[in-house]
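Worksheet: one structure, shown below.
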Amino acid sequence: MLLKSLNSYAIALMLGFALLILFFSGFLEFPTLSSSIPSPKDSGLFSKSTPDPFRDLFGAFRKWDAQLGCSQFRDKHKGFSKNGSASSLQEADGELACNELKMSHVSVLVKGWTWIPDNLDNLYSCRCGLSCLWTKSSVLADRPDALLFETTTPPVQRRNGEPLRVYMDLEAGRKRSRLEDLFVSYHAKDDVQSTYAGALFHNNRNYHLSSYKNNDTLVYWSSSRCLPQRNQLAKSFLRLLPHHSFGKCMNNVGGLDMALTLYPDCVKDANSAPKWWDHLHCAMSHYKFVLAIENTVTESYVTEKLFYALDSGAIPIYFGAQNVWDFVPPHSIIDGTKFTSMDALAAYVKALANDPVAYAEYHAWRRCGVMGNYGKARAASLDTLPCRLCEAVSRKGGRNARAL
């Protein structure tokens, strides 16, 4: 009897050693955390029901309302804005020390060709009773307090009594001209911040959005500036999922102007030639996901690529600034950099596409009015730049500022 027990023990011990050898040699693999659908926040979000490759966004919203609802979402994310970095955004909508203003009216003349929208021109009523004239017309601003340069550099010298020189650069490099008195960029460390989160980047668009999502093609991507590194990243991800690629880079829809052929409801004006930006939001809205990859990865450089996708009613899959959560609403995007691999990211996207409740959760911020850091990003955007720049000019005294 004792011999039989010893034999059983020896056999069990040998089997244990064999299993260990197989595991460490790579022949046997045990499940790990990274092999499951890997999202630090969202792995518990998926429902346990049978996969549901839904199409109707309204239907997904109704299911989310019934199972979760806004009250629960607000409680879950009530501290979201406090988790962001205070250094990422200037306090654009807070209290202003009125005694710092040296002028009650400021005029800014925008010089030269610029992409800044014409409809920004206006006379604004700002904080502390300050009025601000922002215009591209030297007739309307015949004696400006500041000159704004964006595509051209300011004058080499400024004399006493002449307008202040303002230079604006929203590109990733954000290089100062070294000739300006005030510098405007997307970064909070500069004199005046202008984020890409405002509505003025979205002028002249067809805002017809589809409430029905494609199931056979999950991801929208469009790029016509074919940067090698971005193309490689897009290719490594998109090869794993059914997608439509518009634009010049990796086009798989049969041409550059196929969006309106696929989605005729996106035509803005049948009597005029279409432009690529006319139907951008509308075309994106037919997809559950939009891939958004920045040209350059650098701190606080969160551009219209992300906000276009956010406004289209799709879920952005984002590759870019590490501090992106300081600029967007809670639970509104998928940060692709947080996944262990492209395979893991694709697995998560596939699961999300088949779970209407989990998918609808990414739209809850909008439906429940939970803005988080997004409110601050909007407040520091191009939309509010005129008043904020006029305040900065007023603090310096405009033409009365001493020349350096």
Notebook entry, point to check: Within region 146-192, can you find the residues that are over 18 Å from residue 111 (Cα atoms) and among the small types (Gly, Ala, Ser)?
Noted result: 161, 172, 173, 188
Margin query: Tally up the residues in region 362-383 that are polar (S, T, N, Q) and out of contact with any helix residue (DSSP H, G or I) (no Cβ under 8 Å at 6 or more places or on another chain), please.
Written below: 0
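Matching residues to (1) within 30 Å of residue 118 (Cβ to Cβ); (2) in contact with a Leu (Cβ under 7 Å, 6 or more places away or on another chain):
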{"residue": "361", "(1), (2)": "no, yes"}
{"residue": "368", "(1), (2)": "no, no"}
{"residue": "371", "(1), (2)": "yes, no"}
{"residue": "388", "(1), (2)": "yes, no"}
Next item on the list: Mind listing whichever residues of region 128-156 are modelled with pLDDT of 95 or more and of a type in the set (Val, Ile, Thr)?
Entry: 135, 139
Item checked: Criterion violated by residue 260 - all others in (1) modelled with pLDDT of 95 or more; (2) not in a loop (DSSP other than H, G, I, E, B) satisfied -> (1)
Margin query: Quick check on my filter: what residues within region 174-198 are assigned to a loop (DSSP other than H, G, I, E, B), aliphatic (A, V, I, L, M) and in contact with a Leu (Cβ under 9 Å, 6 or more places away or on another chain)?
Written below: 188, 197
Next item on the list: Looking only at region 104-120, count how many residues are open to solvent by 40 Å² or more (accessible area, probe 1.4 Å) and either in contact with a Ser or Thr (Cβ under 9 Å, 6 or more places away or on another chain) or in contact (Cβ under 8 Å) with a residue 60 or more places away in the chain (or both).
Entry: 7
Next item on the list: Return a yes/no flag: does region 14-28 have any residue that is modelled with pLDDT of 95 or more and either over 30 Å from residue 391 (Cβ atoms) or open to solvent by less than 40 Å² (accessible area, probe 1.4 Å) (or both).
Entry: no
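If you go through region 301-315 one residue at a time, do you hit one that is closer than 22 Å to residue 95 by Cα, touching a Leu at 6+ places or on another chain (Cβ under 6 Å) and either surrounded by fewer than 24 Cβ atoms within 10 Å (Cβ to Cβ) or not aromatic (Phe, Trp, Tyr) (or both)?
No, region 301-315 has no match at all.
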Next item on the list: Please find, within region 167-202, the residue that is nearest to residue 280 (Cα to Cα) out of those that are open to solvent by less than 20 Å² (accessible area, probe 1.4 Å) and hydroxyl-bearing (Ser, Thr, Tyr).
Entry: 196
Next item on the list: Answer yes if at least one residue in region 155-166 is closer than 20 Å to residue 385 by Cβ, in a loop (DSSP other than H, G, I, E, B), open to solvent by 30 Å² or more (accessible area, probe 1.4 Å) and touching a residue at least 24 places away in the same chain (Cβ under 8 Å), and no otherwise.
Entry: no
Notebook entry, point to check: Failed condition for residue 151, given (1) surrounded by fewer than 14 Cβ atoms within 10 Å (Cβ to Cβ); (2) more than 24 Å from residue 380 (Cβ to Cβ), with all others met?
Noted result: (2)
Next item on the list: Taking residue 321 as meeting all but one of (1) out of contact with any helix residue (DSSP H, G or I) (no Cβ under 7 Å at 6 or more places or on another chain); (2) assigned to a helix (DSSP H, G or I); (3) assigned by the TED database to the domain that holds residue 229; (4) surrounded by 19 or more Cβ atoms within 10 Å (Cβ to Cβ), write down the number of the exception.
Entry: (2)
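Restricting attention to region 225-254, which residues are assigned to a loop (DSSP other than H, G, I, E, B) and under 20 Å from residue 311 (Cβ atoms)? Steps first, answer last, please.
Initially, region 225-254 is screened for residues assigned to a loop (DSSP other than H, G, I, E, B), giving 225-227, 239-242, 247-254.
The one that is assigned to a loop (DSSP other than H, G, I, E, B) and under 20 Å from residue 311 (Cβ atoms): 247.
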Item checked: Which numbered condition residue 123 fails, given (1) hydrophobic (A, V, I, L, M, F, W, C); (2) part of a loop (DSSP other than H, G, I, E, B); (3) open to solvent by 20 Å² or more (accessible area, probe 1.4 Å) -> (2)
Checklist line | Count - residues of region 373-402 that are in contact with a Gly (Cβ under 9 Å, 6 or more places away or on another chain) and open to solvent by 30 Å² or more (accessible area, probe 1.4 Å) | finding: 6
Check: If you take the residues in region 335-348 that are under 23 Å from residue 321 (Cβ atoms) and of a type in the set (A, V, I, L, M, F, W, C), which one is most open to solvent (accessible area, probe 1.4 Å)?
Finding: 342
Note to self: Checking residue 268 against (1) in contact with an Asp or Glu (Cβ under 7 Å, 6 or more places away or on another chain); (2) crowded, with 19+ Cβ neighbours inside 10 Å: exactly one of these is not met. Which one?
What the structure shows: (2)
Notebook entry, point to check: Taking only pairs six or more apart or across chains, which ones have beta-carbon atoms under 7 Å, a first residue in region 349-362 that is open to solvent by 10 Å² or more (accessible area, probe 1.4 Å), and a second residue that is β-branched (Val, Ile, Thr)?
Noted result: 351/37
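Condition check: of a type outside the set (Phe, Trp, Tyr), surrounded by 22 or more Cβ atoms within 10 Å (Cβ to Cβ) and at pLDDT 95 or above. Does residue 286 satisfy that? Explain how you work it out, then say what you get.
Working: of a type outside the set (Phe, Trp, Tyr): yes; surrounded by 22 or more Cβ atoms within 10 Å (Cβ to Cβ): yes; at pLDDT 95 or above: yes.
So residue 286 fits the description; yes.
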Check: Quick check: anything in region 251-262 among the small types (Gly, Ala, Ser), open to solvent by 40 Å² or more (accessible area, probe 1.4 Å) and free of Cβ contacts under 8 Å to residues at least 12 places away in the same chain?
Finding: yes
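The values are calculated or read from the model by the stated rules, or taken from the named source; none is laboratory data. From a predicted model like this one, the values you see are computed outputs, not experimental measurements. When we count neighbours, we look across all protein chains shown, and the Cβ atoms used for this are built from the backbone with ideal geometry, even at glycine. The area values use the complete protein model at the heavy-atom level, side chains included, leaving out ligands, DNA and RNA. Shrake-Rupley method; radii C 1.70, N 1.55, O 1.52, S 1.80 Å.
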